[in-house]
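**Q** Please see the structure below; I have some questions.
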Amino acid sequence: MEGVFTISSIIEIALILLPVIIVGSIGIFVVTKLKQKQAHGTLGKKKTKGAQDLLDSLIPLGMVLGCIFGMISSSFFPISLLSTLSLGAGIGLLGGYFAYEIYSKKEEK
(Lines give C-alpha, C1' and ligand atoms only; values in the text may rest on other atoms or scores of the structure.)
Protein backbone atom coordinates (compact mmCIF):
# COMPACT_ATOMS: atom_id res chain seq x y z
CA MET A 1 0.00 0.00 0.00
CA GLU A 2 1.24 3.44 -0.88
CA GLY A 3 1.59 6.27 1.58
CA VAL A 4 -1.22 8.66 2.31
CA PHE A 5 0.43 11.39 0.28
CA THR A 6 1.26 10.61 -3.31
CA ILE A 7 3.36 12.83 -5.51
CA SER A 8 0.30 14.26 -7.26
CA SER A 9 -1.41 15.15 -3.97
CA ILE A 10 1.76 16.86 -2.72
CA ILE A 11 1.94 18.88 -5.95
CA GLU A 12 -1.72 19.86 -5.60
CA ILE A 13 -1.18 20.98 -2.01
CA ALA A 14 1.85 23.00 -3.11
CA LEU A 15 -0.15 24.65 -5.92
CA ILE A 16 -2.85 25.60 -3.43
CA LEU A 17 -0.43 27.02 -0.87
CA LEU A 18 1.94 28.76 -3.29
CA PRO A 19 -0.26 31.84 -3.97
CA VAL A 20 -0.91 32.22 -0.23
CA ILE A 21 2.81 32.10 0.52
CA ILE A 22 3.71 34.53 -2.29
CA VAL A 23 1.00 37.08 -1.48
CA GLY A 24 1.60 36.75 2.25
CA SER A 25 5.30 37.47 1.88
CA ILE A 26 4.57 40.46 -0.38
CA GLY A 27 2.09 41.79 2.19
CA ILE A 28 4.55 41.37 5.05
CA PHE A 29 7.27 43.12 3.02
CA VAL A 30 5.07 46.13 2.19
CA VAL A 31 3.66 46.49 5.70
CA THR A 32 7.09 46.31 7.35
CA LYS A 33 8.56 48.84 4.91
CA LEU A 34 5.68 51.27 5.49
CA LYS A 35 5.94 50.73 9.26
CA GLN A 36 9.66 51.55 9.13
CA LYS A 37 8.95 54.70 7.11
CA GLN A 38 6.31 55.76 9.62
CA ALA A 39 8.66 55.14 12.56
CA HIS A 40 11.36 57.25 10.93
CA GLY A 41 8.86 59.93 9.87
CA THR A 42 9.72 59.57 6.20
CA LEU A 43 6.27 58.77 4.78
CA GLY A 44 5.55 60.62 1.55
CA LYS A 45 4.10 64.10 1.95
CA LYS A 46 2.86 66.31 -0.87
CA LYS A 47 2.03 70.00 -0.76
CA THR A 48 -1.33 69.97 -2.54
CA LYS A 49 -4.36 67.98 -1.46
CA GLY A 50 -4.82 66.42 -4.91
CA ALA A 51 -1.22 65.19 -5.03
CA GLN A 52 -1.48 63.80 -1.49
CA ASP A 53 -4.75 62.02 -2.35
CA LEU A 54 -3.11 60.45 -5.41
CA LEU A 55 -0.12 59.39 -3.32
CA ASP A 56 -2.35 57.83 -0.67
CA SER A 57 -4.40 55.92 -3.23
CA LEU A 58 -1.55 54.43 -5.29
CA ILE A 59 -1.35 51.20 -3.28
CA PRO A 60 -5.11 50.44 -3.39
CA LEU A 61 -5.20 51.36 -7.09
CA GLY A 62 -2.37 48.93 -7.71
CA MET A 63 -4.31 46.19 -5.97
CA VAL A 64 -7.46 46.90 -8.00
CA LEU A 65 -5.49 46.89 -11.25
CA GLY A 66 -3.81 43.66 -10.18
CA CYS A 67 -7.20 42.04 -9.54
CA ILE A 68 -8.41 43.15 -12.98
CA PHE A 69 -5.28 41.72 -14.56
CA GLY A 70 -5.82 38.49 -12.61
CA MET A 71 -9.40 38.18 -13.86
CA ILE A 72 -8.33 38.74 -17.45
CA SER A 73 -5.41 36.35 -17.24
CA SER A 74 -7.56 33.60 -15.70
CA SER A 75 -9.63 33.54 -18.86
CA PHE A 76 -6.55 32.92 -21.02
CA PHE A 77 -4.59 30.51 -18.81
CA PRO A 78 -5.75 27.29 -17.15
CA ILE A 79 -5.29 28.65 -13.63
CA SER A 80 -8.19 29.04 -11.21
CA LEU A 81 -9.80 32.44 -10.81
CA LEU A 82 -9.15 32.51 -7.08
CA SER A 83 -5.42 31.95 -7.54
CA THR A 84 -5.10 34.60 -10.24
CA LEU A 85 -7.12 37.11 -8.21
CA SER A 86 -4.96 36.66 -5.14
CA LEU A 87 -1.72 36.72 -7.11
CA GLY A 88 -2.92 39.77 -9.06
CA ALA A 89 -3.79 41.61 -5.86
CA GLY A 90 -0.42 40.74 -4.32
CA ILE A 91 1.55 41.80 -7.37
CA GLY A 92 -0.61 44.95 -7.57
CA LEU A 93 0.18 45.66 -3.91
CA LEU A 94 3.88 45.43 -4.68
CA GLY A 95 3.52 47.56 -7.80
CA GLY A 96 1.47 50.13 -5.90
CA TYR A 97 4.13 50.29 -3.19
CA PHE A 98 6.86 50.91 -5.76
CA ALA A 99 4.71 53.57 -7.43
CA TYR A 100 4.22 55.12 -3.98
CA GLU A 101 7.98 55.18 -3.44
CA ILE A 102 8.68 56.74 -6.84
CA TYR A 103 5.90 59.34 -6.61
CA SER A 104 6.75 60.33 -3.05
CA LYS A 105 10.31 61.18 -4.10
CA LYS A 106 9.16 63.14 -7.17
CA GLU A 107 9.41 66.91 -6.82
CA GLU A 108 6.27 69.01 -7.15
CA LYS A 109 6.27 71.95 -9.54
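**Q** Please compute the per residue accessible area over the chain with all protein chains in place, 1.4 Å probe, rounded to a whole number of Å².
**A** 74 Å²
**Q** Let me ask you something else. Relative contact order of the chain, please, whole-number percent, based on alpha carbon pairs below 8 angstrom and at least 6 residues apart.
**A** Normalised by residue count, the contact order of the chain is 34 percent.
**Q** For the chain, what are the per-bin percents of Cα-Cα distances with bins 10 Å wide, up to the bin holding the maximum?
**A** Bins of 10 Å from zero give 14, 34, 26, 16, 7, 3, 1, 0 percent of pairs.
**Q** What number comes out for the charge environment of residue 33, summing +1 per Lys or Arg and -1 per Asp or Glu over other residues with Cβ under 15 Å away?
**A** +2
**Q** When the Karplus curve 6.51 cos²θ - 1.76 cosθ + 1.60 is applied with θ = phi - 60°, which whole-Hz ³J(HN,Hα) does each residue of region 73-84 get, with x for Gly and Pro?
**A** Per residue, the Karplus-derived 3J(HN,Hα) values read 5, 5, 7, 9, 10, x, 10, 5, 5, 5, 5, 5 Hz.
**Q** Still on this structure, please answer the following. Relative to the present Cα-Cα distance, how much length would full extension add between residue 77 and residue 104 at 0.36 nm per residue of separation?
**A** Full extension from residue 77 to residue 104 adds 6.2 nm.
**Q** First measure r as the distance between the Cβ atoms of residue 12 and residue 33, then evaluate 1/(1 + (r/R0)^6) with R0 = 30 Å and state the FRET efficiency to the nearest 0.05.
**A** Efficiency, rounded to the nearest 0.05: 0.35.
**Q** Keeping all protein chains in the complex and leaving out DNA, RNA and ligands, what accessible area do you get for residue 71 with a 1.4 Å probe, in Å² to the nearest 10?
**A** Its accessible surface works out to 100 Å², give or take rounding.
**Q** Turning to a different aspect of this structure: Can you list the HN-Hα couplings for region 27-40, worked out from phi with the Karplus curve (6.51, -1.76, 1.60; θ = phi - 60°), rounded to whole Hz and with x for Gly and Pro?
**A** x, 5, 4, 5, 5, 5, 5, 5, 5, 5, 5, 5, 5, 8
**Q** Heavy atoms only, probe 1.4 Å: what % of the accessible area of the chain goes to carbon and sulfur, would you let me know?
**A** Accessible surface attributable to carbon and sulfur in the chain totals 74 percent.
**Q** Using the beta-carbon distance between residue 45 and residue 21 and R0 = 30 Å, what value does 1/(1 + (r/R0)^6) give for FRET efficiency, to the nearest 0.05?
**A** 0.30
**Q** Once every DSSP H run of n ≥ 4 in the chain is given -39500 (n - 2.57) and the sum is divided by its residues, what mean residue ellipticity at 222 nm do you get, rounded to the nearest 500 deg cm²/dmol?
**A** Helix contribution divided over all residues of the chain: -27500 deg cm²/dmol.
**Q** In region 1-106, what chymotrypsin sites (Phe, Trp or Tyr not before Pro) fall in a loop by DSSP, with at most 14 other Cβ atoms inside 10 Å?
**A** Answer in residue order: 5.
The values are calculated or read from the model by the stated rules, or taken from the named source; none is laboratory data. Bear in mind the structure is a predicted one, so any value in this text is a computation, not a measurement. In this analysis, Cβ positions are derived from the backbone assuming ideal geometry, glycine residues included, and neighbour counts consider all displayed protein chains. The accessibility values were calculated without ligands, DNA or RNA, using every heavy atom of the protein model including side chains. Shrake-Rupley method; radii C 1.70, N 1.55, O 1.52, S 1.80 Å.
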